[in-house]
Amino acid sequence: MPDANSDADADASRESLRTPIVAVLGHVDHGKTSLLDKIRGSAVSEGEAGAITQHIGATAVPLETVSSMAGELVLADDFDLPGLLFIDTPGHHSFSTLRARGGALADIAVLVIDVNDGFQPQTEEALDILRRTGTPFVVAANKIDTTPGWNPQPDAPVEVTYEAQSERARGMLDENLYEIIGQLSDAGFSADLYWRVQNFQGNIGVVPISAMTGEGIPDLLAVLMGLSQRYMKEEMEIDLSGPGKGTVLEVKDEKGFGATIDVVLYDGTVEEGDSVVVGGVEGPIVTEARALLRPQALSEIRTEKQFERLDKVQAASGVKLAAPDLDDAMAGAPVRVVRGRPLEDVIEEVEQELSEIEVDTQEQGVVVKADTLGSLEAMANALQETEIPILRAEVGDIAPRDVAVASTANEEENRVILGFNVDTLADAERELERHDVKLFSHDVIYQLVEDYDEFVEELQREQQETVLDKIHRPARFRILEDHTFRQNNPAVVGVEILAGTIQNNRRVAKFEDGEKVRVGELSGMQEQSEDVSEARAGSRVSVAIDGPTVGRQIEEGDELWIDLPEKHAKILEQELKEEIPADEREALNAYLDKMRNRDPFWGK
């Protein structure tokens with residue numbers, strides 16, 4: 001029966017296409033969760049047509065369901081791909097930093113932006129990661145229903161809902177949408193409203209949606225399906241019966257199972273009893289899949305504890321894998337099924353992938369902790385770009401040993417831990433205080449780097465101020481005519497400060513025929529009959545000088561200088577020039593010129 005065979009072949013080709021993995025990212029409160037809930041909810045209510053499956057950390061929406069939600073926009077017969085798998089990571093995980101095969105785990109991403117709010121810090125961060133991993137994406141401009149005067153059309157495509165709006169509401173929405181398109185352009189992405197985009201490979205489509213009313217969701221699904229079908233069909237062709245490959249989403253303790261890993265499988269299959277190699281903190285972990293778990297139909301996976309056991313799972317899907325020795329597994333690390341291959345080769349493959357994320361560390365630097373391998377990599381890149389050295393970088397919460405490592409740093413600016421999306425264990429909190437180690441933590445990478453930079457700048461400012469307090473400041477001043485109040489022991493004269501700062505207990509010199517002659521030491525200063533410890537350029541003060549006699553070593557009208565030690569002159573010129581006022585710089589330069597006329601290398 002040749003016909004049956006040809007049918008079987010056609011089925012086999014569709015069988016070997018996996019579901020594209022879709023990540024949803026964006027700034028907090030811009031509607032990531034609502035969007036996922038809406039897709040899940042609508043998919044449930046459309047249930048008859050191929051109900052959706054709830055995976056671990058993901059929601060699978062089959063093609064039939066996508067088609068019934070998107071109506072005319074997605075006709076099932078036009079597509080070979082089996083549907084879409086939306087990754088649904090816990091809020092605090094920035095999913096975009098999970099990696100696979102050296103790129104992002106997601107095949108395609110949706111960047112959710114609040115149409116009223118535009119770009120926010122996490123929007124920029126998500127764009128950075130999408131750019132770096134080369135992940136294709138579309139922008140969902142969410143909350144269009146909050147446009148003043150909006151007339152909602154539940155679950156309608158954009159074109160239909162647009163028609164139903166007043167000119168004023170449309171105008172306001174358009175203004176907001178073009179603002180976002182402009183911001184994308186500033187970030188280096190060519191973007192336009194999705195129906196105007198001809199080539200999605202070079203341009204980003206912006207889809208106006210409302211996660212609350214469902215408006216525009218048909219369009220979003222249509223764009224995701226169309227993009228996947230058109231540009232990713234080849235990548236979706238996998239050997240579904242081959243050994244599974246995946247990435248750890250999260251490591252979790254489960255009652256009755258101990259440490260388990262939530263895995264997104266993007267290639268092949270995993271079966272109960274398979275030998276599996278997982279990336280761990282200390283290197284690859286070799287273990288055996290004891291149970292493959294998935295939530296009971298349509299329960300909310302993050303709260304529901306009732307799992308159903310599966311014999312076998314195939315890509316693309318989200319599954320919880322229970323196995324011994326998973327305590328040290330890392331979020332973001334590779335998972336490989338051994339099946340039919342030498343164990344050594346698989347271990348080497350996992351080592352290879354882990355080593356791609358080796359962070360360059362230095363003898364001196366900061367300690368970095370992040371929630372996943374991908375975010376650790378993103379942190380390391382950001383720190384490298386700003387030339388912040390790293391002493392140690394690891395995945396996991398902040399523990400006492402991290403504090404111990406950070407506390408060994410010689411410089412205060414390195415006695416620091418930078419934590420991205422991680423918690424601090426209680427005993428580590430105590431150690432931080434005891435060891436005087438500073439902790440910076442944030443869920444936006446560049447904010448973390450910025451906070452640390454500000455801390456270092458503040459430290460440097462304080463250090464320079466401390467140095468400035470100790471250093472002799474340059475000054476040039478002149479003895480005023482008819483202002484000798486006492487001739488000697490000490491000589492008390494009125495002076496005008498021409499440039500710089502004079503301070504008590506500083507030596508005084510003058511230049512005669514190019515030679516510096518020391519004349520004495522300042523032992524007191526008064527301004528308007530008040531004792532002062534220093535006086536600035538432009539002031540007239542009376543000074544007491546121990547050593548000279550007026551009329552002999554010094555005369556009225558003489559130009560005097562603060563006698564700068566060579567070491568101080570060098571520090572002022574080389575390190576603090578920008579920190580001192582312009583007139584002080586002028587006094588310093590004039591003093592250096594005089595000294596270097598005799599010795600060109602003085603103070604260098």
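The values are calculated or read from the model by the stated rules, or taken from the named source; none is laboratory data. Keep in mind that this is a model prediction, so the values were computed, not measured. Every residue, glycine among them, receives a Cβ derived from its backbone with ideal geometry; neighbour counts consider all protein chains shown. To get the accessible areas, we keep the full protein, side chains included, count just its heavy atoms, and leave off ligands, DNA and RNA. Shrake-Rupley method; radii C 1.70, N 1.55, O 1.52, S 1.80 Å.
How long are the three semi-axes of the equivalent ellipsoid of segment 381-456, in whole Å, if each is the root of 5 times an eigenvalue of the C-alpha gyration tensor, listed from largest down?
They are 19, 14, 11 Å, listed from largest to smallest.
Measure off 7 Å from each Cα along the Cα-to-Cβ vector at Asp80 and Glu450, then give the distance between these two points in nanometres to one decimal.
Placing both labels 7 Å along Cα→Cβ, they lie 4.7 nm apart.
Which whole-number percentage describes the relative contact order of the chain, with Cα contacts under 8 Å and a sequence gap of 6 or more?
RCO, the chain: 10 percent.
Which ³J(HN,Hα) values, rounded to whole Hz and listed in residue order, are derived for segment 163-175 from phi using the Karplus coefficients 6.51, -1.76 and 1.60 in 6.51 cos²θ - 1.76 cosθ + 1.60 with θ = phi - 60°, glycine and proline given as x?
Residue by residue, segment 163-175 yields 4, 7, 9, 6, 4, 5, 4, 4, x, 5, 5, 4, 4 Hz.
Have a look at the DSSP beta bridges in segment 197-267 and tell me what percent are antiparallel, nearest 5.
In segment 197-267, DSSP labels about 100 percent of beta bridges as antiparallel.
Using a 1.4 Å probe, what is the accessible area per residue for the chain, in Å²?
Result: 46 Å² of accessible area for each residue.
Pull out the extension gain between Ser16 and Glu556, defined as 0.36 nm times the separation in residues minus the alpha carbon to alpha carbon distance; nm, one decimal.
184.4 nm
Normalised by the residues of segment 176-266, what does the relative contact order come to in percent, with Cα pairs under 8 Å and at least six apart?
14 percent
Can you work out D for segment 460-508 in µm² s⁻¹ from Stokes-Einstein, where Rh is the Kirkwood radius over C-alpha pairs, the temperature is 10 °C and the viscosity is 1.306 mPa s?
It diffuses with D of about 123 µm²/s by this estimate.
Given the Cα-Cα distance of Asp311 and Gln198 and 0.36 nm per residue of separation, how much length would full extension add, in nm?
Full-extension gain reported as 36.2 nm.
Once you have the Cα-Cα distance between Thr466 and Gln364, take 0.36 nm times their residue separation minus that, and quote the gain in nm to one decimal.
So the extension gain works out to 34.4 nm.
Can you give me the Kirkwood hydrodynamic radius for segment 212-298, using every pair of distinct Cα atoms, in Å to one decimal?
Evaluated on segment 212-298, it is 16.1 Å.
Which pairs in the list Lys32/Lys312; Lys38/Lys245; Lys470/Lys570 are over 24 Å apart, alpha-carbon to alpha-carbon?
Among Lys32/Lys312; Lys38/Lys245; Lys470/Lys570, the Cα-Cα distance tops 24 Å for Lys32/Lys312; Lys38/Lys245.
Kindly provide log₁₀ I(q)/I(0) values, in the same order as q = 0.22 Å⁻¹, from the Debye equation applied to equal alpha-carbon scatterers of segment 152-283.
The computed values of log10 I(q)/I(0) come out as -1.27.
Under the Kirkwood approximation for Rh and a Cα-based Rg, what ratio Rg/Rh is obtained for segment 210-253?
Rg/Rh for segment 210-253 comes to 1.17.
Quick one, what does Rg over Rh come out to for the chain if you take C-alpha atoms and the Kirkwood Rh?
Across the chain, the Cα-based Rg/Rh ratio is 1.20.
How large is the direction-averaged shadow of the alpha-carbon convex hull of segment 446-604, in nm²?
That works out to 10.9 nm², a quarter of the Cα hull's surface.
Evaluate the Kirkwood expression for the hydrodynamic radius of segment 282-429, namely the inverse of the mean inverse distance over all pairs of different C-alpha atoms, and round to one decimal in Å.
Its Kirkwood hydrodynamic radius stands at 17.8 Å.
Calculate, axis by axis, the spread of Cα positions in segment 160-231 along the three principal axes, and write the results as whole Å, longest axis first.
Answer, in whole Å and largest first: 36, 27, 20 Å.
Per residue, how big is the convex hull of segment 374-417 when only Cα atoms are used? Give it in Å³.
64 Å³
Is it possible to state the helix-based mean residue ellipticity at 222 nm for the chain, with each DSSP H run of 4+ residues giving -39500 (n - 2.57), the sum divided by total residues, to the nearest 500 deg cm²/dmol? What is it?
That comes out to -10000 deg cm²/dmol.
How much of the DSSP beta bridge set in the chain is antiparallel, as a percent to the nearest 5?
DSSP beta bridges in the chain are roughly 70 percent antiparallel.
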